[in-house]
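Report on the structure given below.
The values are calculated or read from the model by the stated rules, or taken from the named source; none is laboratory data. Worth saying up front: this structure is predicted, and the values here are computed from it rather than measured. No Cβ is skipped: glycine too gets one built from the backbone with ideal geometry, and neighbour counts run over all protein chains shown. Ligands, DNA and RNA are stripped out before the accessible areas are found, and what is left, the full protein with its side chains, is counted by its heavy atoms. Shrake-Rupley method; radii C 1.70, N 1.55, O 1.52, S 1.80 Å.
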Amino acid sequence: MSERLQTLLQDAFPHAQDVEVVDRTGGGDHFHVTVVDSRFAGLPLLDQHRLVYDALAEPLADGTIHELRITTRGDA
Amino acid sequence: MSDLSDRIQQTIEAEPVVAFIKGTHEQCMCGNSERALHALRSVGASFTAVDVLPDPVIRQELSAISSWPTIPQVFVGGELIGGADIVQELAATGELEAKLNEKLGDSWRNGGEERTVSVADRENPLRLVP
């Protein structure tokens, strides 16, 4: 499941300096994703997280993701 | 718009600081909700909690209003501030206090009072949860 999230994020953030997906419990439904992308620079955190939610809309909607932590940064 | 959606909207607009969480302020049922409440407590903010667990429709209607897919959701002065990660980060950088000051003046510092209300009760929309 981490691979699916990784792919979705990389597709949504093709120029990201870093995309990391951690399965926090090993159960395939509690994730911590980190995206470092210069497009975040200057964007409010709320909008940064919205972009990540947009990228993961499908696994969020179908219940694959039970819990999600997000870390976003605009600089590497 | 459904009655429930109206009650959620009214709660967002009426409460200076409101956190939609899984559980109540006294018995939080989710780590992320707990992190959001901890962040609010760390700056001494009074807040109102709304438990989304009694009815899954609460969560659906809330997300339809806010366009934010996950719980918790923290609103200040009617505006979505974010979920657990954002509120925690804003608290750590001092921006949460700045946002509270900007939206609410000094009124949010009234003693760190906490309560949980229900939006599921049709007759009395802001019933306190015992």
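Points to keep in mind about this one:
- Accessible surface, 1.4 Å probe, highest first, among residues B:29, A:1: B:29, A:1
- Between amide H atoms placed 1.01 Å from N, distances below 5 Å from residue B:82 occur with B:74, all of them 5 or more places distant or on a separate chain.
- 0 to 90° range, to nearest 10: angle between helix B:3-14 axis and chain B longest Cα axis: 20
- Label-to-label distance, residue A:71 versus residue B:14, with points set 7 angstrom from Cα along the beta-carbon direction: 4.0 nm.
- Residues residue B:107 and residue A:29, FRET efficiency given R0 of 45 Å [Cβ-Cβ distance, rounded to 0.05]: 0.70
- For residue A:29, no residue 5 or more places off, or on another chain, has a built amide H under 5 Å of its own.
- Phi-derived couplings, Karplus 6.51 cos²θ - 1.76 cosθ + 1.60 at θ = phi - 60°, listed residue by residue for segment B:81-87: 8, x, x, 4, 4, 5, 4 Hz, with x used for Gly and Pro.
- Accessible area buried, both sides summed, chains A and B with 1.4 Å probe, Å²: 1100
- Solvent-accessible area per residue for chain A (1.4 angstrom probe, square angstrom): 51
- Fluctuation leader among A:37, A:23, A:47 - chain A, Gaussian network, Cα springs under 10 angstrom: A:47
- Given charges at beta-carbon only (K, R positive; D, E negative), |dipole| of chain A in Debye: 180
- Computed FRET value (nearest 0.05) for residue B:26 with residue A:2, which takes r as the C-beta separation and R₀ as 30 Å: 0.30
- The three principal axes of the Cα atoms in the protein assembly as shown give end-to-end lengths of 49, 34, 31 Å, sorted in falling order.
- Solvent-accessible ranking of B:107, B:33, largest area first, probe 1.4 Å: B:107, B:33
- Per residue, the accessible area of segment B:5-115 comes to 41 Å², computed with a 1.4 Å probe over protein heavy atoms only.
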